[in-house]
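Colleague: Structure incoming, see below.
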Amino acid sequence: MNYQEIVDTLFEQIKSQENKGEVASYIPELSKVDPSHFGICLKTMDGREFGAGDWQHKFSIQSIAKVLILSWAYKTLGDRLWERVGVEPSGNAFNSLTQLETDHGIPRNPLINAGAMVVCDMLLSQAESAKDDFLSFLRNISGNAHFQYSEHIAQSEKSVGYRNIALCNFIKSFENIKNEPEEVLDFYFHICSIEMTCQELAQTFMFLVSDTIKSFEGKIILEEFQAVRVNAIMQTCGFYDESGEFAFRVGLPGKSGVGGGILALHPEQYAIAVWSPKLNSKGNSYRGMKFLESFTSMTKSNNF
């Protein structure tokens, strides 16, 4: 299959169409991003790489990092993780407080804000320096020793993070946050601040394409059953209240971020990263969703 030709054709086709949506203007730093950016990178199991557009331009991966923090937590804590966070789709916005009252402070899944905060809290209790240790994990699975937190993005999110502050304190009231909310939020804002290119993002997620892929220390990153379960959560929960639509139209495990990035993967075949900052009404990249639907249709690689 000529992946480069397919990527180039779809890139030009979608770029020529109307670029609908809005950038995430509620986060000051994200509001400054040029909305015309558009990049794609596909990496295959056999080591090939195909890019188009702004595929080597860094952007804030935002909530895509929730999959990475989840993977590290699952590796570190095992099934203890599921005692304090569920695995069900939420059906609500990523920053919703609605279900926490009914569910007594147990977030529906680890890919919504509340769930990621509980995961961060568990890791803070486990590690001596969770922020440093997470960066080490990220660098090790990606082979990129240069990944850093973006302080200006983390502080930008903190300056307007009133709803996240409310979420964290609300969960604390149910005793499902053990550390101080300020410490949990600082960790949470920092993991969301990480910047990558499409190329780096696709490379980083190759460990979920195949459970046989090892870290750069030569160790298995996740056991097979763990990788399968993380992919299952991405399939059902990776796009908030548009997760069903993504499964219906694209048919791959994936995760979006309000920075305009989407990471999707086909087990045993490829990882693909798309970035376009304008978001649809559900908070997912408008062009990214269109590209991935067209890509899986053209390549017949929809999981279903």
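The values are calculated or read from the model by the stated rules, or taken from the named source; none is laboratory data. Here the structure is a predicted model, which means the values were calculated and not measured. Using ideal geometry, Cβ is built from the backbone for each residue, glycine included, and neighbour counts are taken over all protein chains shown.
Colleague: Just one of (1) over 20 Å from PRO89 (Cα atoms); (2) of a type in the set (Gly, Ala, Ser); (3) assigned to a helix (DSSP H, G or I) trips up GLY218, so point out which.
Modeller: Status for GLY218: all satisfied but (3).
Colleague: Which condition number does SER301 fail, the rest of (1) outside any loop (DSSP other than H, G, I, E, B); (2) within 21 Å of GLN4 (Cβ to Cβ) being met?
Modeller: So SER301 meets the others, but not (1).
Colleague: Another one. Is it the case that PHE147 is outside any helix (DSSP H, G or I), under 18 Å from the mean Cα position of the chain (by Cα) and not aliphatic (A, V, I, L, M)?
Modeller: So PHE147 passes the test.
Colleague: Keeping to segment 67-85, report how many residues are over 18 Å from the mean Cα position of the chain (by Cα) and not small (Gly, Ala, Ser).
Modeller: 8
Colleague: Residues of segment 258-287 being at pLDDT 95 or above, out of contact with any Cys (no Cβ under 8 Å at 6 or more places or on another chain) and closer than 24 Å to GLY161 by Cβ, which ones?
Modeller: Of everything in segment 258-287, those that are at pLDDT 95 or above, out of contact with any Cys (no Cβ under 8 Å at 6 or more places or on another chain) and closer than 24 Å to GLY161 by Cβ turn out to be VAL258, GLY259, GLY260, ILE262, LEU263, PRO277, LYS278, LEU279, ASN280, ASN284, SER285.
Colleague: Okay, next question. Please verify whether GLY86 is assigned to a loop (DSSP other than H, G, I, E, B), of a type outside the set (Ser, Thr, Tyr) and either buried (at least 16 other Cβ atoms within 10 Å of the Cβ) or modelled with pLDDT of 95 or more (or both), treating the condition exactly as stated.
Modeller: yes
Colleague: While we're looking at this one, here's another question. Considering only segment 255-279, state which residues are under 10 Å from the mean Cα position of the chain (by Cα) and over 21 Å from PHE189 (Cα atoms).
Modeller: ALA264, the sole residue that qualifies.
Colleague: Which of (1) under 23 Å from GLY254 (Cα atoms); (2) at pLDDT below 95 does LEU100 not meet, given it meets every other one?
Modeller: The one condition LEU100 does not meet is (1).
Colleague: Restrict the check to segment 181-196 and report whether at least one residue is among the aromatic types (Phe, Trp, Tyr), in a loop (DSSP other than H, G, I, E, B) and under 24 Å from ASN92 (Cα atoms).
Modeller: Within segment 181-196 (the criterion being among the aromatic types (Phe, Trp, Tyr), in a loop (DSSP other than H, G, I, E, B) and under 24 Å from ASN92 (Cα atoms)), the answer is no, since none of the residues qualifies.
Colleague: Take segment 205-220 and flag every residue that is among the β-branched types (Val, Ile, Thr) and over 19 Å from the mean Cα position of the chain (by Cα).
Modeller: Answer for segment 205-220, where residues must be among the β-branched types (Val, Ile, Thr) and over 19 Å from the mean Cα position of the chain (by Cα): THR212, ILE213, ILE220.
Colleague: Tell me which residues, restricted to segment 97-123, are more than 15 Å from the chain's Cα centre (by Cα), surrounded by 17 or more Cβ atoms within 10 Å (Cβ to Cβ) and not in a loop (DSSP other than H, G, I, E, B).
Modeller: Within segment 97-123, GLN99, LEU100, VAL118, ASP121, MET122, LEU123 qualify.
Colleague: List the number of the failed condition for ILE177; all other conditions in (1) surrounded by fewer than 22 Cβ atoms within 10 Å (Cβ to Cβ); (2) in contact with a Gly (Cβ under 9 Å, 6 or more places away or on another chain); (3) over 24 Å from ALA232 (Cα atoms) hold.
Modeller: Here ILE177 meets the rest and fails (1).
Colleague: Residues that are in contact (Cβ under 8 Å) with a residue 24 or more places away in the chain, aliphatic (A, V, I, L, M) and more than 25 Å from ALA271 (Cα to Cα): does segment 14-22 have at least one?
Modeller: Within segment 14-22, not a single residue is in contact (Cβ under 8 Å) with a residue 24 or more places away in the chain, aliphatic (A, V, I, L, M) and more than 25 Å from ALA271 (Cα to Cα).
Colleague: Looking at segment 137-150, can you tell me whether even one residue there is touching a Phe, Trp or Tyr at 6+ places or on another chain (Cβ under 7 Å) and either closer than 28 Å to SER31 by Cα or of a type in the set (D, E, K, R) (or both)?
Modeller: Checking segment 137-150: at least one residue is touching a Phe, Trp or Tyr at 6+ places or on another chain (Cβ under 7 Å) and either closer than 28 Å to SER31 by Cα or of a type in the set (D, E, K, R) (or both).
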